[in-house]
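The structure under discussion appears below in the form of structure tokens.
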Amino acid sequence: MTLVGAFNIFLIGKLSSRLWGARAGCLSALCYAIYPEVASSERRLLLEPLLNSCVLLLLYHRGWKAAWWGACALCIKITGGLWLLTGLIRLRAWAVWGLIFGALLCLPLWAASPQSFWTDVFWFQAHRPPHGHDTALTRLGDIFDPRHLSITLLGLAGLTSASRRFSNPVALQMSLSWLLLVIAYYFAPAHFFQYRAQLAIPECLWAGASLSILLRHRYGAAILLTVPFGFVLALGLGSDAENIQRAETIRALVPTQEAVFAFDPGVLLRAGRLPDHQGNAPVIVDSYATMLIDAGFPQPDVATAMATLASRKTIHQRLAASQWLVVDERAREQVSLEWCRAHFRPCYGDLWKAR
């Protein structure tokens with residue numbers, strides 16, 4: 001995903017250069033590279049890096065190419081469809097074709113299991129419980145996170161100062177998309193840190209336009225670049241070292257014929273393994289969604305749902321067929337440390353063996 005992230009930095013710089021000039025392009029790429037949600041998600045095995053690639057290619061192209069990349073964005077996540085919706089202004093009929101292409105791309109998955117497709121993609125998202133009882137200020141604090149607030153403010157300043165550029169259909173599409181994404185994240189029952197990586201696209205593009213103007217004033221530019229960007233960069237330099245170490249342990253010490261279960265599927269993918277399918281137990285890719293669906297709806301919050309016995313029905317079947325379990329934070333949250341101790345014993349750090 002690091003290579004995908006590097007490609008996204010190149011794309012956003014190229015798009016910004018086309019819109020605002022070469023200087024703005026370099027600055028937009030800088031903003032994107034140090035945007036905390038982006039810096040975190042594009043070093044991990046998540047959907048957001050690929051989603052942002054498709055969105056940037058949608059913004060960069062016109063005609064059938066834009067429709068194709070919009071269709072790919074829609075297939076990756078439902079929020080990718082927002083960019084096709086706002087693309088009606090710029091792409092017109094091609095935006096509709098993008099929706100049709102997206103439906104056709106999803107057709108094989110639907111045909112394989114219509115009921116599961118409906119449940120996992122639509123019904124679950126419409127009924128998923130909240131993480132907790134967020135206040136309005138808490139949710140706004142998540143969206144306008146202090147770790148990227150400097151970029152957001154610069155982006156809004158660029159949007160305001162360059163309002164005359166709304167004649168550019170790409171600029172108008174970005175602004176409408178940003179507004180719809182903020183509304184969607186505010187009213188969503190639950191969202192994770194990496195979900196907000198989509199906000200980096202319009203914010204960083206507009207921030208590049210703003211900074212290209214501010215750089216004409218050297219002292220102000222020095223303060224703006226040194227203080228907030230230094231703060232953001234320091235927060236964005238972290239890595240996913242724990243999961244990398246877990247993956248290396250699995251690769252080195254666990255025989256390939258023995259089943260390993262991890263609540264975070266990224267650990268297994270890093271170790272060169274797909275989710276286990278041995279035995280008669282169900283194959284689990286997203287343990288979080290599986291448990292919430294098994295818990296049934298409605299539920300007051302995620303913690304209550306995870307604590308029900310019904311939520312563990314499918315998970316227990318897969319764990320019973322597994323010789324190894326990665327006992328990390330997600331394991332403690334989803335089945336509890338006591339349950340792990342009762343059925344597995346510590347062996348190699350966070351990698352436990354069945355009793």
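Every number in this text was worked out from the coordinates using simple rules, so none of it is lab data. As the structure is a computational prediction, the values presented were derived from the model and not from experiment. Note that each Cβ is placed from the backbone with ideal geometry, even for glycine, and that neighbours are counted across all protein chains shown.
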Review point. How would you order 274-286, 15-27 from highest to lowest mean count of nearby Cβ atoms within 10 Å?
Key: 15-27, 274-286
**Study point:** Average Cα contact separation per residue, the chain, under 8 Å, 6 or more apart, as relative contact order %
**Key:** 18
Review point. Among Trp123, His316, Ile183, whose Cα lies farthest out toward the positive end of the dipole of the chain, if unit charges sit on the beta carbon of Lys, Arg (+1) and Asp, Glu (-1)?
Key: Ile183
Study note, to complete from the structure: Among Ala112, Gly158, Leu274, the residue whose Cα sits farthest towards the positive end of the charge dipole of the chain, when +1 is placed on the Cβ of each Lys and Arg and -1 on the Cβ of each Asp and Glu, is Gly158
Point to revise | Paired Rg and Dmax values of segment 241-354, which use every Cα atom, in angstrom | key: 13.6, 43
Study note, to complete from the structure: Honestly segment 1-154 on the Cα gyration tensor test (a ≥ b ≥ c root eigenvalues; a/c under 1.5 rounded, otherwise a/b vs b/c for prolate or oblate) is just oblate
**Study point:** Given charges at Cβ of Lys, Arg, Asp, Glu: segment 2-236 dipole, positive-most of Ile213, Phe192, Gly87
**Key:** Ile213
Check your understanding: About its Cα centre, how strong a charge dipole does the chain have in debye, to the nearest 20, once Lys and Arg get +1 and Asp and Glu get -1 at the Cβ?
Key -> 1020
**Study point:** Residue exposure sequence - Arg196, Arg330, Arg90, Arg270 - by fewest surrounding Cβ within 10 Å
**Key:** Arg330, Arg90, Arg270, Arg196
Check your understanding: Distances over 36 Å make up what percent of all Cα-Cα pairs in the chain?
Key -> 28
